[in-house]
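Undergrad: What follows is a structure written as structure tokens; I'll ask about it next.
The values are calculated or read from the model by the stated rules, or taken from the named source; none is laboratory data. Just so it is clear, the structure is predicted and the values come from calculations on it, not from any experiment. All Cβ positions, even for glycine, are placed from backbone atoms using ideal geometry, and neighbour counts span all protein chains on display. Areas reflect the complete protein model, heavy atoms only, side chains present, ligands, DNA and RNA absent. Shrake-Rupley method; radii C 1.70, N 1.55, O 1.52, S 1.80 Å.
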Amino acid sequence: MKNFGRNFIIAFLMVLAIYQTGELWFGGFSDHNFFSFFSENASSDKNTPYILDRLIINLGDNKIVCRANNVYGSEYKEIFDRAVEAAIEKGTLVPSDGVNWNTLLQSRCIIYEYNCLFSGGDISGIFSARSDNSDKIGEYDKIIVSPKADSSLMTVIFYNSRENTSAALELRNNKIIGQSFEECSRFDRDEQSIYYISSVQNGFSIFSGNRFIPRWQEDTYEYPLIEPRGVLTDSATVESNANIFFDNPAGKTMSRQGGTYTFSDETAVVRYYNTGVLEYSNYRAAENQGSSFSDNYAAAVRLIASDTFVTNQYYLDSYEHNDGTYIFRFNYKINDLSVIPGEGLREKTGMQSFIEITATNGKIDRYRKYAFRYSINPKDKEIADTDFITAIDGLYSRLYRNGVTKTVDDISLCYIAENKSFGLSWIIDIENTSHIVDTKAGD
């Protein structure tokens with residue numbers, strides 16, 4: 001046994017030496033060190049991960065369930081993804097003019113909701129499917145899967161809710177259709193403290209288009225507060241986090257000035273500021289790894305996956321694209337709801353989200369994050385007693401006079417993070433302005 005152990009160690013060191021020699025001869029095989037290469041690949045999803053805001057399952061009878069946490073890697077999403085992929089590859093494009101929500105929501109359906117608009121050209125990077133149908137699909141921020149129980153027909157609609165435009169595919173006589181229909185049944189058995197209703201289906205005409213609105217089962221909703229906690233608490237943890245971004249951490253230099261830590265070598269600089277922001281800048285020359293959204297997004301997600309100090313579940317909140325450069329912004333999910341930085345936190349960090357990544361040609365240029373984790377504090381609870389109707393009515397009374405109302409463009413229930421424990425708030429969008437209303441009456 002001793003000889004076996006010694007031989008195994010020798011073999012491992014030989015593989016490591018070969019890898020490092022390859023690094024010297026052929027350049028950056030990975031943007032990170034040897035060990036993080038394996039962790040990135042091990043955590044990769046078959047389809048593009050963490051791009052989805054939430055998955056909505058309409059069960060009929062005005063019962064709608066939302067899933068935002070632990071969606072990726074789940075059995076149900078794998079089945080729904082295969083349904084979308086089958087429609088893309090084998091389906092037939094049919095005429096489509098927007099979405100009739102009243103008709104659609106009479107039957108079971110699955111709705112992929114994104115915070116960003118994507119194009120048909122992005123589909124092959126988001127799903128494991130390639131087809132000429134992709135080129136015929138315009139921009140969309142929702143994918144609606146409507147299957148029949150007998151597997152005879154499924155319609156998949158790529159819907160642009162901002163322009164009320166759509167493209168639709170029909171798939172016939174495929175077993176994945178019935179599987180998708182049956183998979184929805186698992187959500188009918190779940191007990192939900194918060195459920196969702198459709199604004200169109202319930203006749204709330206104050207909303208522009210259809211919105212899925214959260215409600216609680218009782219008159220009030222008791223829930224635990226969320227607690228922020230810094231993850232870089234001393235120089236040792238700061239350096240440990242910085243080491244992730246260097247191929248050879250032992251070769252970096254370190255300095256500290258005015259509360260800012262700086263680590264650097266000839267290709268990278270990592271700074272940690274006393275505001276709690278960690279920033280990585282990559283100056284390594286690299287070959288073009290691809291200029292598409294998918295190429296650059298994949299590089300961004302791989303980098304987050306290699307940062308073991310990011311422990312909250314994240315999702316793509318927004319992105320920008322200009323002259324081949326992408327800026328991706330990520331926020332967090334807890335309890336199937338979004339966690340977003342509040343105004344004070346945004347001013348403190350100079351960031352609009354918890355994680356911000358800049359990438360060009362599949363290479364990371366810059367990575368910034370607010371180095372805090374968020375967790376549920378079961379001992380510290382709050383009561384939500386302001387529902388969405390009361391929140392909107394109160395906002396109208398503050399903004400307008402004489403009973404004037406304006407169209408509500410969107411409404412969401414979120415955790416808005418600040419420097420201390422925090423709870424739930426409504427975010428109500430009216431006339432391109434977001435208004436925050438506390439869920440606790442009188443606040």
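Undergrad: GNM on the chain, C-alpha springs below 10 Å: top fluctuator among 205, 161, 119?
TA: Highest fluctuation among the options: 205.
Undergrad: Another question, then. Calculate one ³J(HN,Hα) per residue across the range 290-297 by plugging θ = phi - 60° into the Karplus curve 6.51 cos²θ - 1.76 cosθ + 1.60, and present them in order as whole Hz with x for glycine and proline.
TA: x, 9, 6, 4, 4, 4, 6, 5
Undergrad: Using the alpha-carbon centroid of each, what span in Å lies between the range 217-280 and the range 68-88?
TA: Result: 33 Å between the Cα centres.
Undergrad: Dipole of the range 78-190 (Lys/Arg Cβ +1, Asp/Glu Cβ -1, origin at the Cα centre): which of 125, 115, 174 lies farthest to the positive side?
TA: After comparing all options, I get 174.
Undergrad: Let me ask another. Under a Cβ-only charge scheme (Lys and Arg +1, Asp and Glu -1), can you give me the dipole magnitude of the chain about the Cα centre, in debye to the nearest 20?
TA: Once rounded to the nearest 20, the dipole reads 720 debye.
Undergrad: Right, here's the next one. Antiparallel DSSP bridges in the chain: what percent, to the nearest 5? All intermediate terms of the calculation are to be shown ahead of the outcome.
TA: Values: 105 of 110 bridges.
Within the chain, antiparallel bridges account for around 95 percent of the total.
Undergrad: Enter the Cα centre distance for the pair the range 382-420 and the range 319-360, rounded to the nearest angstrom.
TA: 23
Undergrad: Defining a contact as two alpha carbons under 8 Å apart and six or more residues distant in sequence, what relative contact order in percent does the chain show?
TA: Reported as a whole number, the value is 15 percent.
Undergrad: What order, most packed first, do the peptides 85-93, 397-405 have when packing is the mean number of other Cβ atoms within 10 Å of each residue?
TA: Values: 85-93: 19.0, 397-405: 9.3.
Peptide ranking by packing, descending: 85-93, 397-405.
Undergrad: So, with a 1.4 angstrom probe, what is the percent of accessible area on the chain that is carbon and sulfur?
TA: Numbers: 9910 of 21400 Å².
Ligands and nucleic acids excluded, carbon and sulfur give 46 percent.
Undergrad: Near residue 221, within a Cβ-to-Cβ distance under 11 Å, what is the net charge of the other residues, with Lys and Arg +1 and Asp and Glu -1? Spell out each step's value before the answer.
TA: On the way: positive: 215, 381, 440; negative: 218, 219, 222, 382, 385, 387.
Around residue 221, the charge tally is -3.
Undergrad: On to the next question. How much of residue 413 can a 1.4 Å solvent probe reach, expressed as accessible area in Å² and rounded to 10?
TA: Number for this one is 10 Å².
Undergrad: Would you kindly derive the ³J(HN,Hα) couplings of the range 88-94 from the backbone phi angles with the Karplus curve 6.51 cos²θ - 1.76 cosθ + 1.60 (θ = phi - 60°), listing them in order in whole Hz, with x for Gly and Pro?
TA: Going residue by residue, I get 5, 7, 10, x, 10, 6, 10 Hz, with x marking Gly and Pro.
Undergrad: Find out how many positive minus negative residues lie around residue 312, taking Lys and Arg as positive, Asp and Glu as negative, among other residues whose Cβ is under 9 Å from that of residue 312. Each step should come with its number before you reach the end.
TA: Working: positive: 333, 373; negative: none.
Once all neighbours under 9 Å are counted, the net charge is +2.
Undergrad: Output wanted: per-residue J couplings in Hz (rounded whole) for the range 151-166, from phi through Karplus 6.51 cos²θ - 1.76 cosθ + 1.60, θ = phi - 60°, x for Gly and Pro.
TA: With the stated coefficients, the range 151-166 comes to 6, 7, 7, 9, 10, 10, 10, 9, 10, 9, 6, 7, 10, 6, 10, 7 Hz.
Undergrad: Rank-order 298-308, 278-288 by packing density, defined as the average count of other C-beta atoms within 10 Å over each peptide's residues, highest first.
TA: Values: 298-308: 20.4, 278-288: 15.5.
Order by mean packing, descending: 298-308, 278-288.
Undergrad: Would you mind checking the range 391-410 for residues with the amide N under 17 Å from a putative spin-label position 7 Å along Cα→C-beta of residue 220?
TA: Within reach of a label on residue 220, which here means backbone N under 17 Å from a point 7 Å along Cα→Cβ, the range 391-410 contributes 391.
Undergrad: Continuing with the same structure: 7 Å from Cα along Cα→Cβ at both residue 253 and residue 103: what's the point-to-point distance in nm?
TA: For the pair residue 253/residue 103, the computed spacing is 6.9 nm.
Undergrad: Still on this structure, please answer the following. Using a Gaussian network for the chain with springs between C-alpha atoms less than 10 Å apart, which of these wobbles most: 224, 378, 341?
TA: Ranking 224, 378, 341 by mean-square fluctuation puts 378 first.
Undergrad: What does the charge add up to near residue 202, with Lys and Arg as +1, Asp and Glu as -1, over the other residues with Cβ less than 14 Å from its Cβ? All intermediate terms of the calculation are to be shown ahead of the outcome.
TA: Working: positive: 63, 211, 215; negative: 61, 387.
Surrounding charge for residue 202 is +1.
Undergrad: Contact order normalised by length for the range 122-181, with contacts defined as Cα pairs under 8 Å and 6 or more residues apart; what percent is it?
TA: Details: 100 pairs, mean separation 17.9, N = 60.
Once divided by the residue count of the range 122-181, the mean separation gives 30 percent.
Undergrad: Of 324, 362, 259, which is the most mobile in a GNM of the chain whose springs link Cα atoms less than 10 angstrom apart?
TA: 259
Undergrad: Averaged per residue, what accessible surface does the chain expose to a 1.4 Å probe, in Å²? Please report the intermediate quantities before stating the final value.
TA: Working: 21400 Å² over 443 residues.
With the other protein chains kept in place, the chain gives 48 Å² per residue.
Undergrad: Considering amide H positions built from the backbone, and no H for Pro or chain starts, which residues 5 or more places from residue 313, or on another chain, come under 5 Å of its amide H?
TA: Residues meeting the criterion, in which the H sits 1.01 Å from N, are 333.
Undergrad: Could you pull out the pairs from 348/420; 379/440; 77/440; 77/333; 420/440 whose alpha carbons sit more than 24 Å apart here? Intermediate results must be reported in sequence, preceding the final value.
TA: Values: 348/420 14 Å; 379/440 18 Å; 77/440 34 Å; 77/333 17 Å; 420/440 17 Å.
Over 24 Å apart, Cα to Cα: 77/440.
Undergrad: Moving to a separate point now. When the Kirkwood radius is taken over all Cα pairs of the range 221-307, what Stokes-Einstein diffusion coefficient follows at 10 °C and 1.306 mPa s, in µm²/s? Don't skip to the end; give the middle numbers.
TA: Details: Rh = 15.1 Å.
Diffusion coefficient, whole number: 105 µm²/s.
Undergrad: Additional query: Taking 8 Å as the Cα distance limit and 6 or more residues as the minimum spacing, I'd like the relative contact order of the range 169-323 as a percentage. Please report the intermediate quantities before stating the final value.
TA: Working: 107 pairs, mean separation 16.7, N = 155.
Worked out over the range 169-323, it gives 11 percent.
Undergrad: Answer rounded, prolate or oblate for the chain, using the Cα gyration tensor with square roots of eigenvalues a ≥ b ≥ c: rounded when a/c is under 1.5, else prolate when a/b is larger than b/c, else oblate. Numbers along the way, then the final one.
TA: On the way: a/c = 1.95, a/b = 1.33, b/c = 1.46.
Cα axes put the chain in the oblate bin.
Undergrad: Additional query: Lys/Arg Cβ at +1, Asp/Glu Cβ at -1, dipole of the chain taken about the Cα centre: which of 56, 104, 386 is farthest positive-ward?
TA: Value: 56.
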